[in-house]
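The values are calculated or read from the model by the stated rules, or taken from the named source; none is laboratory data. Note that the structure is a prediction, hence the values are computed from the model and not measured. Here the Cβ positions follow ideal geometry from the backbone for every residue, glycine too, while neighbour counts run over all protein chains shown.
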Amino acid sequence: MENNVKNIKNATVSEFLENILLGDITYLSKAITLIESSKEKDFLKASKLLEACLPYANNSVRIGITGVPGVGKSTFIESFGTHLIKLKKRIAVLTIDPSSSITKGSILGDKTRMEKLTKEKNAFIRPSPTGNQLGGVAKKTKEAIVLCEAAGYDVIIIETVGVGQSETLVSSMVDFFLLLKLAGAGDELQGIKRGIMELTDAIIINKADNKNIKEAELARSEFESALHLYPLKDNSWRPKVITCSALKNIGIDQAWQIISDFVKMTKANGSFDENRTAQNKNWLLKTIDQQLKDNFYADLEVQTNLNRILQNVENNKISPFEAANELIEIYFKKKEEN
């Protein structure tokens, strides 16, 4: 098995593509590892692989799911994913674990939290660390979506770190943005930022069972009233609010029906494809930003001078603004010489 993994790692782009198209999850996993790699030697191969996969992408429904820790995202996704598999769907779940800013480590424990879904042959679960990436998603989530679509997964679920970071980044790569809430958690209307409400396509009040049913219904009513104060979205969709119990599998079918209605309506009025086009443009700009940043910090002259300039900033010998200009001048001077 170990030799097989090594062989896959050294596979050509054509071999990767062939096996990804066949739905081989070992090749898919290694391909995602390849695109997540920060090694310069992997960059060109990853780019060629993505280019090869693009003609087979864009054939899924992409769903972003967010909510505070403890709201039951993993339980909801497992119940939701199991329901979709029964409907003959193939599900890819890209779960994002927060990385420690100190140790740079992450838990990557979603596979253990979705034990039942992990065993389904038509489900693929891939945990990735956020690293230093803001927005509740990993650095290469968008690229991973393309690979999963090429592998034949028709529903892609992105589980974010949780409310509190820039969820705009999440919405820039999904078709449908779902916010999970708890009733009686003390963060109902006043605890939700306006920006997240504007991005939301549906709010689901989870854990609506046993003694929580009454509170969940009250929360649903409050959110519904609040959403009606917002103008209709450009795609003409009015966000929906429902209650559910992921643990008891109540309301899961209703959640999928809402998403299905959304896809049907937005495809009919053209906004679905317009959104995908806008997302691709955004992806281009984000990729340029990231590649310029990576190239800058990989530059040997920048690396040689960085610690010295940081020390000067620390000792108040130079302002951060002047320090940045000095490093940028060093970088571009070398480029001009080359």
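Okay, here's what the table says:
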| read-out | value |
| --- | --- |
| Region 204-227, residues that are at pLDDT below 90, over 18 Å from I259 (Cβ atoms) and in contact with a helix residue (DSSP H, G or I) (Cβ under 9 Å, 6 or more places away or on another chain) | A226 |
| Qualifying residue in region 257-265 (condition: free of Cβ contacts under 8 Å to residues at least 12 places away in the same chain, within 18 Å of N58 (Cα to Cα), of a type outside the set (S, T, Y) and in the same structural domain as K207 (by TED's automatic domain parsing)) | yes |
| Filter pass, D201 being charged (D, E, K, R), in the same structural domain as A246 (by TED's automatic domain parsing) and either crowded, with 16+ Cβ neighbours inside 10 Å or at pLDDT 75 or above (or both) | yes |
| The listed residue being of a type in the set (S, T, Y), touching a helix residue (DSSP H, G or I) at 6+ places or on another chain (Cβ under 7 Å) and either under 22 Å from M173 (Cα atoms) or exposed (fewer than 13 other Cβ atoms within 10 Å of the Cβ) (or both), out of T243, T287, T277, T266 | T266 |
| Subset of region 236-266 that is hydroxyl-bearing (S, T, Y) and not in a loop (DSSP other than H, G, I, E, B) - its residue that is nearest to K89 (Cα to Cα) | S260 |
